[in-house]
Structure formats: structure tokens, C-alpha cells
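Below is one structure, written out as C-alpha cells, with a few remarks after it.
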Protein chains: 2
Amino acid sequence: MKKIKGRRLPGIFLFAAAAIMLLTGALPADEGMWTLDNMPLQQLKEKYGFEPTAAWLEHIRLASVRVGDGGSGSFVSPNGLVLTNHHVALGQLQKVSTPQKNYVNDGFYAATAAEELPCPDLELNVLISMENVTARVLAAVRKGMDPVKALEAKKAAIAGIERLSLKKTGLRSDVVSLYQGGEYWLYRYKKYTEVKLVFAPEQQAAFYGGDPDNFTYPRHDLDMALFRAYEKGKPVKAAHYLKWSAAGAAEGELVFIPGHPGSTNRLLTLAQLQFQREYAYPTRLKSMKRMLAVAKKYAAKGPEEARQAAGMIFGIENGLKASGGEYDGMKAPGFMEKKAAAEAEFRKMIDANPQWQAEYAGAWEQIAGAIEKMKPRIKELSYRRVPGLRLGGIALQIVQLVAELQKPDGKRLDGYHTAELDSLRFRLFSPAPIYPGMEEAIAVDSLQLMLEELGADDPYVKACLDGKTPEEAVKVLLAGTQLADPAVRRQLVEGGEAAVAKSTDSFIVLARKLDPLVREMRKWQEDNIESITRPAGEKIGQARFAAYGKNAYPDATFTLRISYGAVKGYPMNGTLAPYKTTFYGLYDRAASFDNKSPFHLPQRVADARDKLDLATPLNFVCTGDIIGGNSGSPVVNAAGEVVGLVFDGNVESFVGRFFYDDTANRTVSVHSAAMIEAMKKIYGAEKLVQEILGQ
Amino acid sequence: MKKIKGRRLPGIFLFAAAAIMLLTGALPADEGMWTLDNMPLQQLKEKYGFEPTAAWLEHIRLASVRVGDGGSGSFVSPNGLVLTNHHVALGQLQKVSTPQKNYVNDGFYAATAAEELPCPDLELNVLISMENVTARVLAAVRKGMDPVKALEAKKAAIAGIERLSLKKTGLRSDVVSLYQGGEYWLYRYKKYTEVKLVFAPEQQAAFYGGDPDNFTYPRHDLDMALFRAYEKGKPVKAAHYLKWSAAGAAEGELVFIPGHPGSTNRLLTLAQLQFQREYAYPTRLKSMKRMLAVAKKYAAKGPEEARQAAGMIFGIENGLKASGGEYDGMKAPGFMEKKAAAEAEFRKMIDANPQWQAEYAGAWEQIAGAIEKMKPRIKELSYRRVPGLRLGGIALQIVQLVAELQKPDGKRLDGYHTAELDSLRFRLFSPAPIYPGMEEAIAVDSLQLMLEELGADDPYVKACLDGKTPEEAVKVLLAGTQLADPAVRRQLVEGGEAAVAKSTDSFIVLARKLDPLVREMRKWQEDNIESITRPAGEKIGQARFAAYGKNAYPDATFTLRISYGAVKGYPMNGTLAPYKTTFYGLYDRAASFDNKSPFHLPQRVADARDKLDLATPLNFVCTGDIIGGNSGSPVVNAAGEVVGLVFDGNVESFVGRFFYDDTANRTVSVHSAAMIEAMKKIYGAEKLVQEILGQ
């Protein structure tokens, strides 16, 4: 895809909140990213003659892994082996690489436990329990409460539930808002932060065809990687792991995709969609294109710069292609009409029932009103950013963290609640390298952009530039900071407010100046936007339950879901796309482009040609409903075996952010047979194959 | 494609007349199907640094062959070997097959001259000379002449020029109207009717991927066949034949496509386009779908029926996909707007010059007026057909032929002029088999359709049914006819009017009843439509010369043209389509569909896998501008060597009927290296390879 969950640019996705799937009549085939408490058992039984038991679902849940802050994965051996995508592992591969040893380009294989490479900052989460806490959250809000107070109260209640749970169980505890606030659930996770890299092919094999082929099908990617989870120095003994199907996915077969879809916008109101189309997407695309140009210019300086920027370039290109596709989908004839018709039908149902009308009908206007209020501040909300790729963000986090820790948990800014601190510290103190050259290039351009969009008189811009040009300002900032050293960050945090207040580190000094402006924006957004849109969203969510029942799934929230569907080709480009591709196709595509980049074969793949059974399935498609965040999800059959590994959606799935249409929307996966064939015959990872196959 | 020129259903293409290409400003890249007297030498020189000499053009012209009434080809050996497409050869393959020996399914190879199979009715034509006769044709029309008389005079003049030329030279002589009547040219052809089949692969190799893959790319078809032209029992010693390039087309290379594009509609007026979109296309698509259903139902009866219907099913599916694509293109957003803008600009230029305005401006209204006049008779013009697949047409042709022969040449119906008689007799007396079962199925359904659309009271329907049901009427017709026997047809024609008048053959009896009705429709069309639209079209053609000069090519007319372009991939489905495919891709596609029809490998191809160099280029694309009729065209490089064999356009080229856009419009060809590799290693046709390579 890369179906890795994109980092959001600040201010852009104010309205991309969770929402419930719109159901107008019968559920379309194979649609939905279902929570495990509400699986569409009836549909599964009727359409596929299969009804997962509670034990089946529990097994899948406990074998499923959330990887980092944007990916999915699964345990595939009793010794803690975690299968995910190469592109989900890319960040770690980049971080463990050095100018001397480029694991992104060359791949990696630890034939023994001793050779496994510790990851600097990868957190894995396994969903241990789920508890409906809607009543507890909503009890915090008293009738007639001022909206701003109500929002505060709700946030405090959520922080309290999480804190209490963490204290009681020691497990990571997140309260998740589902169905646009129609329900709140406490999800508890077993967390693993001791993770080692075991196997990854060369990026050219994993991401064969590069940006052109990204998000397309037919496809020929070996987008896989293997980590191993450890606890206290020992490989995790996973009681629940997925067995492997060497035969893999067959045509027409029912398959399931457990994973962590990041976000969908299937239930935005028309006003929100129009805002996205008219403002949010054009702004985002513009910023991304600009950032890509900066990153490519930096990479062109030399091989080491290219190595440093590789992951970032991948990430931006990936996001750009996805967002560009979504934007094209929104602009396509019929898109808005379709959405308008669905909203009109829903609102007509609500208006026809006097009780519903009184309770819910105002919500749409409230949301539209909030959007209008936001428009005058839209530039500030979009373009005020902390300069640099990582340093600015780190500095601001340190400044805010030491301040927030002084407050009672319920009063803190989101992101700094007690239950969130472990993960925050894990990331903040990561030993992963920070590259000054990249920091500089990105910082200069983002200051330049701010200057262009907000003008020199904007107080935020003033604080950043301090009378200098962007180039000068960044030079000074980089010369005066030690934050690239994680020990320095740790000292500052441990020194608390006093240490931070005294610090003369250039980025900390800047962050102290920016912090009040950032807080003002956040407060303004909460008081003027979020306090309106959240309860309005809740009302629409409740209206949906009223009108359509709970035969529905919530919009994606980067929490565990199960999608299902059939392995199935589709009409494409005037003909049919087959349900699978083969290694023949990989060699064809390379030869068709005369082995030119990005269609060249890695040397090891070229060399293995005569050893491989070229008819081995390589990638395949199924109708399962996914989105970014599902990257690395296993594809499992009814027996619970791995038949594939999700790594992408096709171009026809871009509009899946807004609605699902099974005509051509397809999930693209690596076939389980291809992984075995490649590990054995290309990479000589026979031992891993044995571990996976349980031999 | 099959870029074989489709037979037109009567009445539908009244307005699809030849027209000049619209030029508004600079000529778009690689556009155009150029006549040899007016090659875009300047553009070729500027863009590709190549300027074909007169000798180069003459060589290409004399090596180019028009194949039958819908295809192209070329001489590729000094011994009369003619290369064309399998799908161009399909009709002959079908006709030489028997219930015992199915050359369509099994392929054919004559290892010796004695094994070559005579074709029953294939005519090849080589363009020997071209002469501008515009002045002679236009001289027949006197100023102020009544339009109906003027049309008659012009037709008589054309028939006279053809007759005189035939008498003088013995060569087939056709007067061609180019640039919508802006120019008339006398084209003389050397004709070959003694043609033998030499080589064809199995249809499954030639048409791999079947209807789904038809008109798409990437593609994997070995769509080739070889004939040999004979004269008086000896292979033709072709002074001009194309040498072979074993390396074949390379990326970016300049290539030329000499061939016989059938028809384009790039210069229809907006009124004509709207008529096509609103009426002609929907009617045609409806009829084709219906005919396809009948043919498939017939084929389902058994293997012999399937064999008989195979060529017809191919033809209808091919036409349906092309026409469906063209229709979708016309309905797509922006299509009509684009055409309207071009027409508006052109007419503005004409209106701005008082002399042009006076001379030409009325033409558009005249055409629009003629369309309006036609609408009340549209059903008769569209649905009155002679029943049956071949017998009805044969009968009508016999009845009309003996009558027309009594008249002076200039007064005859089109199709019966002296210069046309040889080819007419060649087809009419063809010994190719006629299948009663197929005749019956098609006839019953076409009578049924007439009954539905025109009603039982229509005189034409009455004459056909004679008070019976379609089933009964057809039974009687088939029981009472001997016309399947070519000797019977010959006797009737030789017996002249007297023999035909006396004949009790059921189809002849019916044709005698239908003939006056057919003549009435034709006369009405000439007097009311053609006599208006032809001079109006000429005016628009002249207006174009006035406004844009002759830096243009005429719409396609199934006469020799040369297109040119570069071997080049294109953006497709979110990624890039490579400029070529390879044999790897063929095996991939078969394996991807689990070797299911229509993606299964012919046994010989499967067996040859280890002998083949799988990286050999199989198909490739170039920007050259083609349309149906170009099937079988050689693709030649600047050295005049065969680098490929045109067999299709991609789906993006469907709108090429109306305009050319080089972004994704591509010609699809078999690579010259693939033909050699396959003939050698799959078909064991080493001797042919030697003949072609001149070894």
C-alpha cells in the first residue's frame, strides 16, 4: 500500500472522526471492519455457511498483533515469531541500519537467535480484553451541562477509566470511542517492547515495482518481515499463534482479515465531506508534494543521504498516492450525489419520527456550523507546525510533558494521561538515529511554507524565525541543540519543569515560546469545534442505532477488527484481473521493462530463477474490507490458518475511505506459498520455514 | 482487436461517412493515418529525425497487401509469403475446416508447397498506383444542377473512370473519396485471388485470453497467420517484400504502420455525432447482443455446431466490445463538449471570412436537416434485412445483378458497376460451405426482430413472413432453396433475367419480392439524404482546406495509409503498462487463472515451456494511430524491416474512432522475435523461419 496508517498533518483531519457505517437496507456483500463483540454471524452463515465460534474468535484475537503506531501482524510460531509487512518494518529496518550496513536495501536474516537485531522503538500490542464502558463515560456528563464542561468531564472520565485499569491490571488500557461516540469501550493490551528483527527481504523484492505499482494489482511483491517478541530476554511463548497453510488461498475461498484499520470516513456528513474536498485534501496534497520534493532533493546529495531519506520518501509517496486517489474519488462524477442521497434518506427517516426528530435532527446543522466557525482560522490550524522532522516535536513534547505531569490526570492535555505515559516515554527516549541534514532540510522548508502561508507577522512564525530567514533560523536551532541524544531528553524530563525552564537548548527554548500558542489553538478547537462536533457526532451515531439497529460496524479506529470476504478477481481495464499472480509474473514484469528501476529484479531473485517453481502463487486479492493500518494483517482461512499476508489495497479501493463497493475494491496480499518458496529458495531461511511450518 | 473491419448493419452508418481530420492548431503527436501522397514529412523529420524517401515509400506500398474485405498484411518473402493476423485469416481457416479437421482449433502448418491449402474466397490487393481525379469527377456536376441529378452524374463519372481504367490496365480500379469529397483519387490494385494457407497457430494461442483480453493490454497473443499468393499456379515472385528484424521493436523506436484502416468518424458534425450516440449505437448494440445470443445458443448444441459458429461468435463479440467501448466513450463526461468546442472554433473561422461564410456556412444545417428527415424512416432503414446469414444476401445479389447488367454502367446501383463485377462474382460464387442450421437460427431471429420492431403490417415483413410465423417461414425458405450450391448460383446469373424470373427457388422468390422495397429505400436515401449530405460534406471538406490547409489526413476509407509512432508504454490502472510483454507473462496469466478457459495454454505451448526463452518479447505497444482494418499491418522500422505485426488497439483506443489522444491510445502488436521463437520452438516450422529470415 502501503496500508500503513499515515501520520496526520495537524489541523487537517479535525473532522475525520470515527463514524458508524451507513446502512441503508441490506448489507452489501463482504463489507465491514467488524469489532469482535459484534461479528456479522448471520451474514457469514448465510453467505458462506461458516459461523465462527467464540473460541475461534478468541484464538484469532490473541494471535493478532498491533505493530507500532500504524501496522498489524500476527504470531506465527509458538516462539513469538511475528509476521508483518516489510513496509511496516521499514522504520525499524532504517533505524537499525548504518552507513556501513543497509538492511533496507540488502535485507536481513538472523539464522540464529544471537543474530537477531534488537529494535530501538517498536511496540507490539495484543488485545487481551474488551469491556463496554459507555455508561461510565456518559455518566460524567450531567444534563444541561455547558458543552465545554461536558467535553472536559468526558475526557476526565475516560482518563480515569484508563488509569484505574492500568493500575489494576498492569495492561495498556485504552478507552476507544466507537460508532461516533455511540459506544465507548475499554480495550486492554498485553504490550511487548522487547522486539527483535529476524527476517526481511531486500526492499526491492518487498516493494517490487516501487511507487508506480504501489496500490495497484496485478502485483508481485514479497512485502513480508518477521520479528520476534521477547519478554525479559526470552522469546515469548505464544499460547495463541496462527498455523500456516502451505497451500494457501484458493479461488473463491472464504477468508478473514484480523487487523487494525486506522481510519475510515464513511459517515462524514455532507458538510464534512465538502470541507474535506474543498479544503483539507488540496492543502494536504500540496504540503505532501512539497515535502516529497525536499526529501528527494536531500536524497540526491549522495548515497548516505539517500539511505537516510529512503523511508521518508516511501512514506510520503505512499500517502500521496493514497490521498491523491481518495481526492480523485471525491471529485469523480456521482460521488457527492451518492453521499448526498444517502444522507437525505437517513435524515428523512429521522425527521419522520417526532421523537427522533427532536433528539437528533439538529446535529447536522451543528456540525456544519462548526465548520463555518473554523474557516477563518483554517490557515493557522493547518500550517503552524513545529519545525524539523523529529527534533521540534520532541522538544514540544518535553516542554508539555513536564507541565502536564503537574496536573491531575483528568485535567491533562490528551496524550499526557497517566495511561499513555509508558508508550510516550518509549518513543520519546528512543535511541533511533536522528539525521541533522534531514532535520535541516525539512525544517527550512516547513518554515518557508509557514512564512508563505501565514506571513511574517503571524506570532507563531515570528517565534520560529526570530527575525531571521528560515535558513538562518534553522542553522541556529541545529547548532544549539543536544536533543538528538536520548540521554539529554531523559535528563530534561527527569529534571521536570525546573530543568526545562532553565534549559538553553535551542529547540527547548523555541518550544517554550510555541507552547502557549499551541495550547491556545488546541483550547480554541476544543471549546469551539470539538465540544460541538463530538456530541453532534454522538447524536448522529445514536440516530443510526435508532434508524438502522446495530447491524453495523463502526468507522475504523486503529483497534482490532475482523474483515471477511472471498478470494476473487475482478473486472479491470477492459478484462479480468486474476485472483492471484505468480512468480512468472514477477520475471515477466522485470523483462517487460528491460529490468529497469523500479522494475529490476534483486540479484538474489534473478539468481534463484531456476530453483523456483515459477507457477507458485505470489500475490492474491480478496473482497475483504480494509484500509491503512491493516498492513501486515494475516489472511486466515476458516481453519484459522495463515493463507496470506495483507499488504495493500488496489487503486479501486481508494474510495473505500468513503464507501465500500465490492465490484472492484480488493485487498492485495502476499500468498502464503510465496513466502515459503522465497524463504527457502531465495533467502536460504530454511530454519525459519521449519519454525513456521512447525516441522 | 480485432481490428478487422466490421461488416456494417444496414442503415446504421448512414452518416459515418469519410471526413477530414480536424486540425485546430498544431498537429498532436503521432496522430494520423496518412495517404502516401501527403506524408507528414516535416513532422517526422522534426520529431524523429527521419525523412522517408519516395523509394522507401514505394517499397512499403508495394510490399503492403490489403487482405479480403477487412484486413491488412504484407509480403515477407520473395516467394509470395503474406503475413497477416490469425483473426484476419479466421474466415478462411473456418472455410477450409471440416467436421473432421478443425484448423481453427488445431492450427495449420504446410511444411511443403504441396500441403498448402487453397483458400476458397480470399482476395489480396496491392496498391499499384494513385491518381488524383478530383477534377474529372467534379466536372460531371454542372452549376445549378438539381442535387439528385448531381449525385447521379457524379456516380456515373466515377463508374466511368473505374471502367476505363480497368479496361486500359486490367487492374482493379477504385475511385476513392477522401477528405469528405474534398478529393477523389483513382487507386489501382494488382489483385491476387489464388491464395493458399501456409501457417496458423491454434486460435487459443492466437487469441489467448479470448473476449475478456480482446482490446486490452498487457497482452499475450500470437495473432499471426501466413498465406502464400500464387499466380497461374506458381508462387508470386514479390519484387517488393519486407525484410525481417529478428531483434524486433525496441523501446522508444520510431515505427511505421502501413495498412488499411477501415473507417474513422473524427470529423462528423455535432449533429451526426448526436445521432450516432442517441440512435445508431444503441440500435446496433442491441442487435449485436441479440445476434450473439442466437449464435451462442446454436453453438451450445454440439461440437460441430460450435465449430461452425466459432468465427461468427468471435466477430460479434469483437464488434460488440469495440462498439460498446466507442459508445461508452461518446457518453463519457466531456466527450460532446470537446467535439462541440472544436466545431464551434472551426465554424467561427468560416463565419469570420465573408467568402467562406457564403460558400460553406450552410453545410452544417443541411446535414442536421437531413438527419431530421431520416428520423421518421429510421426503423425501416435499420431493421429491414434479408433473412439468414448468407443465403438471403446471395439471393438478393443475384436478383439485382441480372437486372443491373441490363443497364448502362453509369446508371447502375452502387456495387454493380463494371469495375466491381470481378470481385462481386468471386465472392458470390465462393465454394465456402453454408451451414443450414446456422442460416436457420439467424434467419428466425432476424425475422422475429423485424416483426417486433416494424410490426406485422410492414410490407417488407409481410413479404418475408407470407402469413407464417418466423419459424415456419424459415423452414419453408430453407426447404425450397438450392443456393448453398455455388453452381446453382452461377447458373442463375448466367441465365440472366429470364432464368431468375422463372426460378422457383424459395430465396430467389423472396428476393424478387423484396427487391422493389430495397430499391425504394435506397432511392429515397439517395434523393433525400445522400444528395444533401454528400455535397454538404464536400463543402465542409473544402472549408477545412481553406481554414487549415492540407496539413491533414482524411478519415479512414479502407485504403492504404501509413501511421507512425514510437514504441512506448503508458500510464494504466494507477501504474505503468510496459512497452512489451514476454512469454513469462503468458505462462503467468495461465497460471494466475489456474489454466481455466479462456486463459488456458494450448497443449503445444505448455509442452514447449522449457524450450522457449521466456524473456522473448511477445507483444508490444506503440503510439501509431490505427483502427479496424489495420489488423495484420506490419510494424516496420526506419530500415523498412518487420519489427512486429499489428493485431489490436487497447481499450483506451476505442475513442480513437472520434479523436486521437496519445496519452494512452496504443496499437498492440505481436513482436517479430515472438513469431520466430514460436514458429521454431513451438510449431517446428523451421523452414518457414528460414524463408522469412532469408537464410
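Coordinate-derived values only; no laboratory data. These figures come from a predicted structure and were not determined experimentally. Note that each Cβ is placed from the backbone with ideal geometry, even for glycine, and that neighbours are counted across all protein chains shown.
I need to check one value: relative contact order of the stretch A:69-145, counting alpha carbon pairs closer than 8 Å and at least 6 residues apart, in percent.
19 percent
Please compute the contact order of the stretch B:333-545 in relative form: average sequence separation of alpha-carbon pairs under 8 Å and at least six residues apart, divided by the residue count, as a percent.
Relative contact order for the stretch B:333-545 comes out at 32 percent.
List every residue whose amide H lies under 5 Å from the amide H of B:Glu231, counting only residues 5 or more places away in sequence or on a different chain, with H placed 1.01 Å from N in the peptide plane.
Under 5 Å from the amide H of B:Glu231 lie the amide H atoms of B:Val236, each far enough along the sequence or on another chain.
Let me have the relative contact order for chain B, percent, based on Cα pairs under 8 Å that are six or more residues apart.
This gives 27 percent for chain B.
Using Cβ contacts closer than 10 Å as the measure, can you line up A:Trp356, A:Trp364 from fewest to most?
With the sparsest Cβ surroundings first, the list reads A:Trp356, A:Trp364.
Placing +1 on the Cβ of each Lys and Arg and -1 on the Cβ of each Asp and Glu in chain B, which of B:Tyr327, B:Gln406, B:Pro52 has its Cα farthest towards the positive end of the resulting dipole?
Result: B:Gln406, furthest along the dipole toward the positive end.
May I have the pair-distance distribution P(r) for the protein assembly as shown, computed from all Cα-Cα distances with 20 Å bins from 0 and rounded to whole percent?
Going from the shortest bin to the longest, the percentages are 9, 32, 31, 20, 7, 1, 0.
Report ³J(HN,Hα) in whole Hz for each residue of the stretch B:75-92, in order, from the Karplus equation J = 6.51 cos²θ - 1.76 cosθ + 1.60 where θ = phi - 60°; Gly and Pro get x.
Going residue by residue, I get 6, 10, 7, x, 10, x, 6, 10, 8, 8, 8, 4, 6, 6, 7, 3, x, 5 Hz, with x marking Gly and Pro.
What's the Cα-based Rg to Rh of the stretch A:451-514, Rh via Kirkwood?
Rg/Rh: 1.04.
What whole-number volume per residue, in cubic angstrom, does the convex hull of the C-alpha atoms of the stretch A:535-634 give? Each step should come with its number before you reach the end.
On the way: hull volume 19.2 nm³, N = 100.
Hull volume normalised by residue count: 192 Å³.
Only counting other Cβ atoms within 10 Å, I'd like A:Met224, B:Met33 sorted with the fewest neighbours first.
Working: A:Met224 25, B:Met33 28.
Fewest-to-most ranking of A:Met224, B:Met33: A:Met224, B:Met33.
Given the C-alpha centroids of the stretch B:619-695 and the stretch A:531-570, what is the distance between them in whole angstrom?
52 Å
Ordered by residue, what ³J(HN,Hα) values in Hz, to whole numbers, does the stretch B:235-246 give under the Karplus form 6.51 cos²θ - 1.76 cosθ + 1.60, where θ = phi - 60° and Gly and Pro are x?
Listing the rounded values in order: x, 5, 8, 7, 5, 10, 9, 8, 6, 9, 9, 5 Hz.
List every residue whose amide H lies under 5 Å from the amide H of B:Trp244, counting only residues 5 or more places away in sequence or on a different chain, with H placed 1.01 Å from N in the peptide plane.
B:Val642
Within the stretch B:396-477, which trypsin sites (Lys or Arg not before Pro) sit in a loop by DSSP and count at most 14 neighbouring Cβ atoms inside 10 Å?
Taking the stretch B:396-477 and a limit of 14 other Cβ atoms within 10 Å, the loop trypsin sites (Lys or Arg not before Pro) found are B:Lys468.
Between B:Gly73, A:Tyr179, A:Ser263, whose Cα lies farthest towards the positive end of the dipole of the protein assembly as shown when Lys and Arg beta carbons carry +1 and Asp and Glu beta carbons carry -1, centred on the Cα centre?
Highest projection toward the positive end goes to A:Tyr179.
On a C-alpha basis, how far is the centre of the stretch A:336-363 from the centre of the stretch A:190-222 in Å? Whole number, if you could?
Each part reduced to its Cα centre gives a spacing of 44 Å.
Please list, in order along the stretch B:180-195, the HN-Hα scalar couplings obtained from phi with the Karplus expression 6.51 cos²θ - 1.76 cosθ + 1.60 (θ = phi - 60°), rounded to whole Hz, x for Gly and Pro.
6, x, x, 9, 10, 10, 8, 9, 10, 10, 7, 10, 10, 10, 9, 10
Pick out, from B:Thr84, B:Gly624, A:Ala674, the residue whose Cα sits farthest towards the positive end of the charge dipole of the protein assembly as shown, with +1 on the Cβ of Lys and Arg and -1 on the Cβ of Asp and Glu.
Looking along the dipole axis, the top candidate is B:Gly624.
Sort A:Thr193, B:Thr667, B:Thr264 so that the residue with the fewest other Cβ atoms within 10 Å of its own Cβ comes first and the one with the most comes last.
Lowest to highest Cβ neighbour count: A:Thr193, B:Thr264, B:Thr667.
Which distances, in nm and shortest first, link the A:Asp607 label point to the same label point in every other copy, taking 7 Å along Cα→Cβ?
Its label point is 3.7 nm from the equivalent points in the other copies.
Quote the Stokes-Einstein diffusion coefficient, in whole µm² s⁻¹, for the stretch B:353-438, based on the Kirkwood radius over alpha carbon pairs, a temperature of 4 °C and a viscosity of 1.567 mPa s.
For the chosen part, D equals 77 µm²/s.
How large is the Kirkwood hydrodynamic radius of the stretch B:137-191, counting all unique pairs of alpha carbons, in Å?
Value: 11.9 Å, from the Cα pair sum.
Once you charge only the Cβ atoms, +1 for Lys and Arg and -1 for Asp and Glu, what is the size of the charge dipole of chain A about its Cα centre, to the nearest 20 debye?
Approximately 1160 debye in magnitude.
Can you give the Rg to Rh ratio of the stretch A:333-545, both from alpha-carbon atoms, with Rh computed by the Kirkwood formula? Write out the running numbers ahead of the final one.
Values: Rg = 21.8 Å, Rh = 20.0 Å.
Over the Cα atoms of the stretch A:333-545, Rg/Rh equals 1.09.
In deg cm²/dmol and to the nearest 500, what is the mean residue ellipticity at 222 nm of chain A if only DSSP H runs of at least 4 residues count, each as -39500 (n - 2.57), divided by the residue total? Don't jump to the answer; show the numbers that get you there.
On the way: 27 runs with 312 residues, N = 695.
-14000 deg cm²/dmol, from helical runs alone.
Would you please classify the overall shape of the stretch B:44-128 from the alpha carbon gyration tensor, given that a ≥ b ≥ c denote the square roots of the eigenvalues, rounded means a/c under 1.5, and beyond that prolate means a/b larger than b/c while oblate covers the rest? The partial results should precede the final answer.
Details: a/c = 2.71, a/b = 2.42, b/c = 1.12.
Taking the square roots of the gyration eigenvalues as a ≥ b ≥ c, the stretch B:44-128 is prolate.
If the only charges are +1 at each Lys and Arg Cβ and -1 at each Asp and Glu Cβ, what is the size of the charge dipole of the protein assembly as shown around the Cα centre, to the nearest 20 debye?
Values: 174 positive and 162 negative charges, 118 e Å.
Magnitude of the dipole: close to 560 debye.
Take the Cα atoms of the stretch B:197-242, build their convex hull, and give its volume per residue in Å³.
104 Å³
Which value does Rg/Rh take for chain A over its C-alpha atoms, Rh per Kirkwood?
0.95
With the Cα gyration tensor of the stretch A:421-527 giving a ≥ b ≥ c as the square roots of its eigenvalues, does the rule (a/c under 1.5 for rounded; else a/b larger than b/c for prolate; else oblate) give rounded, prolate or oblate?
In terms of gyration-tensor shape, oblate.
Under 22 Å Cα to Cα from A:Lys101, which lysines show up? Leave out anything in the same chain fewer than 8 places away.
Answer for A:Lys101, where 22 Å is the Cα cut-off: A:Lys196, A:Lys296, A:Lys301, listed by chain and number.
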